[in-house]
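**Student:** Right, I'll just put the structure down here and ask away after.
The values are calculated or read from the model by the stated rules, or taken from the named source; none is laboratory data. All figures in this text were calculated on a predicted structure; none of them were measured in a lab. Here Cβ is always computed from backbone atoms with ideal geometry, including for glycine, and neighbour counts include all displayed protein chains.
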Amino acid sequence: MPEKKKQHYIPQFYLRLFSSDSGQKTINLYNILSKKLIKDATIKNQAYIDYFYGKDLIFEKLLNDIETNASKIVYDIVNDKHLPKHNSDEWYRILAFTLIMHSRTKFASEEIIDMKQKTSDKIRALHNGDDRINKENFIREEAVLLNMEINLGAIDIAYDLVCKLILNETDIPFITSDHPVIFYNQYMEQKNHLDAIQE
């Protein structure tokens, strides 16, 4: 197999935290579309697309370096049940890793491709179908890279956020997904849509 052909959009080290065996090589998964439960699926064969980040491997290698650094911090958190100090180097790395995790998935790339297409269609409609408006979609690699650039650009906005560690003290294990990071604005719980527009 060519070098780094399988490019994972969910890091394997992360999936190992949800592994179903002591060797951390398999994971139980549920396929929503087919409604099938698959036990002991091999982690290395999950959440990847061939050359998802491109064949030049530049971004794949960069992500590998980021994952290597983040994995050490994540495993320390899991083992010690303690978060990095706010504004420490480790805290900053986890924040950046989380933003990248949100933007690098298959879902995230499809979302930005869809957004670009709808925006182009809307602009074209406002200009009576003017063919000079770009009709081409992003290719997937472009969408992923743009999305990561946008999310990392938000790191200054997110810098004041604090981390919270949730410990599972039940017999029901945590689950994850192929798009594991969710953005949620708690401030908007107090607002309705019209309030947000008026502000």
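**Student:** Looking at 4, 39, can you tell me which residue is more than 17 Å from residue 67 (Cβ to Cβ) and basic (Lys, Arg)?
**Tutor:** Working: 4 fails: more than 17 Å from residue 67 (Cβ to Cβ).
After applying the criteria, what remains is 39.
Yes/no per residue for (1) touching a strand residue (DSSP E or B) at 6+ places or on another chain (Cβ under 6 Å); (2) at positive phi:
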site	(1), (2)
6	yes, no
11	no, no
22	no, no
30	yes, no
34	no, no
45	no, no
50	no, no
54	no, yes
66	no, no
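**Student:** While we're on this one: All but one of (1) outside any helix (DSSP H, G or I); (2) under 26 Å from residue 109 (Cβ atoms); (3) modelled with pLDDT of 80 or more hold for residue 150; which doesn't?
**Tutor:** Checking residue 150 against (1) outside any helix (DSSP H, G or I); (2) under 26 Å from residue 109 (Cβ atoms); (3) modelled with pLDDT of 80 or more, the one that fails is (1).
**Student:** So is residue 99 outside any helix (DSSP H, G or I) and surrounded by 12 or more Cβ atoms within 10 Å (Cβ to Cβ) or not?
**Tutor:** Values: outside any helix (DSSP H, G or I): no; surrounded by 12 or more Cβ atoms within 10 Å (Cβ to Cβ): yes.
Considered against the rule, which asks whether it is outside any helix (DSSP H, G or I) and surrounded by 12 or more Cβ atoms within 10 Å (Cβ to Cβ), residue 99 comes out as no.
**Student:** Among the residues that make up segment 21-30, is at least one of them touching a Lys or Arg at 6+ places or on another chain (Cβ under 9 Å), at pLDDT 90 or above and small (Gly, Ala, Ser)?
**Tutor:** Just the residues of segment 21-30 that are touching a Lys or Arg at 6+ places or on another chain (Cβ under 9 Å), to begin with: 24-30.
Next, from what is left, pick out any that are at pLDDT 90 or above: 24-30.
Those left that are additionally small (Gly, Ala, Ser): none.
Taking every residue of segment 21-30 in turn, none turns out to be touching a Lys or Arg at 6+ places or on another chain (Cβ under 9 Å), at pLDDT 90 or above and small (Gly, Ala, Ser).
**Student:** Can you pull out every residue in segment 154-193 that is under 30 Å from residue 33 (Cβ atoms), β-branched (Val, Ile, Thr) and loosely packed, with under 10 Cβ neighbours inside 10 Å?
**Tutor:** Kept after step one, since they are under 30 Å from residue 33 (Cβ atoms), are these residues of segment 154-193: 166, 168, 170-185.
Right, trim to β-branched (Val, Ile, Thr) and you get 166, 170, 172, 175-176, 181-182.
Of everything in segment 154-193, those that are under 30 Å from residue 33 (Cβ atoms), β-branched (Val, Ile, Thr) and loosely packed, with under 10 Cβ neighbours inside 10 Å turn out to be 166, 170, 172, 182.
**Student:** Something else: Can residue 77 be described as under 19 Å from the mean Cα position of the chain (by Cα), modelled with pLDDT of 90 or more, closer than 19 Å to residue 66 by Cα and of a type in the set (A, V, I, L, M)? Give the steps one after another, and end with the answer.
**Tutor:** On the way: under 19 Å from the mean Cα position of the chain (by Cα): no; modelled with pLDDT of 90 or more: yes; closer than 19 Å to residue 66 by Cα: yes; of a type in the set (A, V, I, L, M): yes.
In short, no.
**Student:** Every residue in segment 1-46 that is aliphatic (A, V, I, L, M), in a loop (DSSP other than H, G, I, E, B) and touching a helix residue (DSSP H, G or I) at 6+ places or on another chain (Cβ under 7 Å), please. Steps first, answer last, please.
**Tutor:** Of all residues in segment 1-46, those aliphatic (A, V, I, L, M) come to 1, 10, 15, 17, 27, 29, 32-33, 37-38, 41, 43.
Restricting the remaining residues to those that are in a loop (DSSP other than H, G, I, E, B) gives 1, 10, 17, 32-33.
Passing the criteria: only 17.
**Student:** Hey, any hits in segment 130-137 for a residue that's more than 25 Å from residue 49 (Cα to Cα), at pLDDT below 90 and out of contact with any helix residue (DSSP H, G or I) (no Cβ under 7 Å at 6 or more places or on another chain)?
**Tutor:** Yes, the conditions are met somewhere in segment 130-137.
**Student:** In segment 19-50, what residues are farther than 26 Å from residue 140 by Cβ and among the aliphatic types (A, V, I, L, M)?
**Tutor:** 37
**Student:** Which of (1) at pLDDT below 90; (2) of a type in the set (Val, Ile, Thr); (3) closer than 21 Å to residue 94 by Cα is the odd one out, the single condition residue 58 does not satisfy?
**Tutor:** Single failed check for residue 58: (3).
**Student:** For segment 104-129, give me each residue that is surrounded by 15 or more Cβ atoms within 10 Å (Cβ to Cβ) and assigned to a helix (DSSP H, G or I).
**Tutor:** Restricting attention to segment 104-129, the residues satisfying the condition of being surrounded by 15 or more Cβ atoms within 10 Å (Cβ to Cβ) are 104-106, 108-109, 111-113, 116, 120, 124.
Across segment 104-129, the qualifying residues are 106, 108, 109, 111, 112, 113, 116, 120, 124.
**Student:** If you scan segment 1-28, which residues turn out to be over 19 Å from the mean Cα position of the chain (by Cα) and of a type in the set (A, V, I, L, M)?
**Tutor:** Of everything in segment 1-28, just one residue is over 19 Å from the mean Cα position of the chain (by Cα) and of a type in the set (A, V, I, L, M), namely 1.
**Student:** A further question follows. So the check is Cβ under 8 Å with 6+ separation or different chains; which pairs have a first residue in segment 139-157 that's closer than 17 Å to residue 117 by Cβ and touching a residue at least 24 places away in the same chain (Cβ under 8 Å) and a second one that's surrounded by 17 or more Cβ atoms within 10 Å (Cβ to Cβ) and among the charged types (D, E, K, R)?
**Tutor:** 143/116; 144/104; 147/104
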